[in-house]
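To keep things clear, I will list the structure first and then write my remarks on it.
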Amino acid sequence: MHLLEIKNLNYSVDGNTVLKNINLSVNSGDFLTIIGPSGAGKSTLLKIIASLLTPTSGSIEYEGKDISQYSPLEYRRQVSYCFQQPSLFGKTVRDNLIFPYQIRREEVNEEHLTELLNKVSLNHTFLKKNINSLSGGEKQRVALIRNLVFLPQILLLDEVTTGLDENSKEIVHHLFDDVRKKHVTILQVTHDKSEIEKANKIFEVKKAFLDEKRSCQ
């Protein structure tokens, strides 16, 4: 059984076909990169997998069950989506990193939060920092580790290194290498050649009106 399976997926907006006949199978431990030209629907596909958009037709199965059979909260705990532009809330970094504990009604593990910050070259003093004082690279790193306070089964990365400087990119790449060692499955959209080369699977999305069917097994 595949960890994630997409069958004959289509997505249209206002009568315009964005994705057509998408078939994709993902196994546990895969590192899959979705490539294709701008406007082909790569990010749209990732958002559909994340259950942030609903396909026009077709199905998505996670662990053998249609994702509609999971509650949104249950599914998103296992399939975690990282936005291209980091979206932080509250006032401080700590507000963001304790949120996963709050929704699970669990006691905050301060030591774990410090450990996560260290993984992205930030120290424990960042917990008290106002989010408005952070650089773009720091915001993205905080947003990423917020998704990893509790490890998901699948991590969805939507061009998360776009706009980062080389130092921040390197830090983020090391984070993903560490996450993969913990058997987290990664699906990413990226235009970065070095990131594409790290993948063990490539899935190409072409513009719907140019291509009748794409599949990846």
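The values are calculated or read from the model by the stated rules, or taken from the named source; none is laboratory data. Every value quoted in this text rests on a predicted model; they were computed, and no experiment measured them. As a convention, Cβ positions derive from the backbone with ideal geometry for all residues, glycine included, and neighbour counts pool all protein chains shown.
Quick notes on this structure:
- Members of segment 2-52 found to be more than 21 Å from Lys65 (Cβ to Cβ) and of a type in the set (A, V, I, L, M, F, W, C), listed by number: Val13, Val18, Leu19, Phe31, Ile34, Ile35, Ala40
- Among the residues listed as Ser38, Ser12, Ser28, the single one being under 16 Å from the mean Cα position of the chain (by Cα) and surrounded by fewer than 17 Cβ atoms within 10 Å (Cβ to Cβ): Ser28
- Any hit, segment 59-69, residues being of a type in the set (Gly, Ala, Ser), crowded, with 16+ Cβ neighbours inside 10 Å and over 25 Å from Lys139 (Cβ atoms): no
- Qualifying position, being surrounded by 13 or more Cβ atoms within 10 Å (Cβ to Cβ) and free of Cβ contacts under 8 Å to residues at least 12 places away in the same chain, among Val93, Val108, Val79: Val108
- Test set (1) closer than 21 Å to Glu159 by Cα; (2) without any contact (Cβ under 8 Å) to a residue 60 or more places away in the chain; (3) aliphatic (A, V, I, L, M); (4) touching a helix residue (DSSP H, G or I) at 6+ places or on another chain (Cβ under 7 Å) - Ile34 fails condition number: (2)
- Count of segment 205-216 residues, restricted to those that are hydrophobic (A, V, I, L, M, F, W, C), at pLDDT below 90 and surrounded by 14 or more Cβ atoms within 10 Å (Cβ to Cβ), is 2.
- Residue match in segment 191-204 (condition: among the polar types (S, T, N, Q), surrounded by fewer than 19 Cβ atoms within 10 Å (Cβ to Cβ) and at pLDDT below 95): yes
- Selection from segment 125-159 of residues that are surrounded by fewer than 17 Cβ atoms within 10 Å (Cβ to Cβ), touching a residue at least 12 places away in the same chain (Cβ under 8 Å) and over 23 Å from Lys182 (Cα atoms): Lys128, Lys129, Asn130, Gly136
- Candidate set: segment 98-151, residues that are among the aliphatic types (A, V, I, L, M) and more than 23 Å from Gly163 (Cα to Cα); chosen: the one nearest to the chain's Cα centre (by Cα): Leu151
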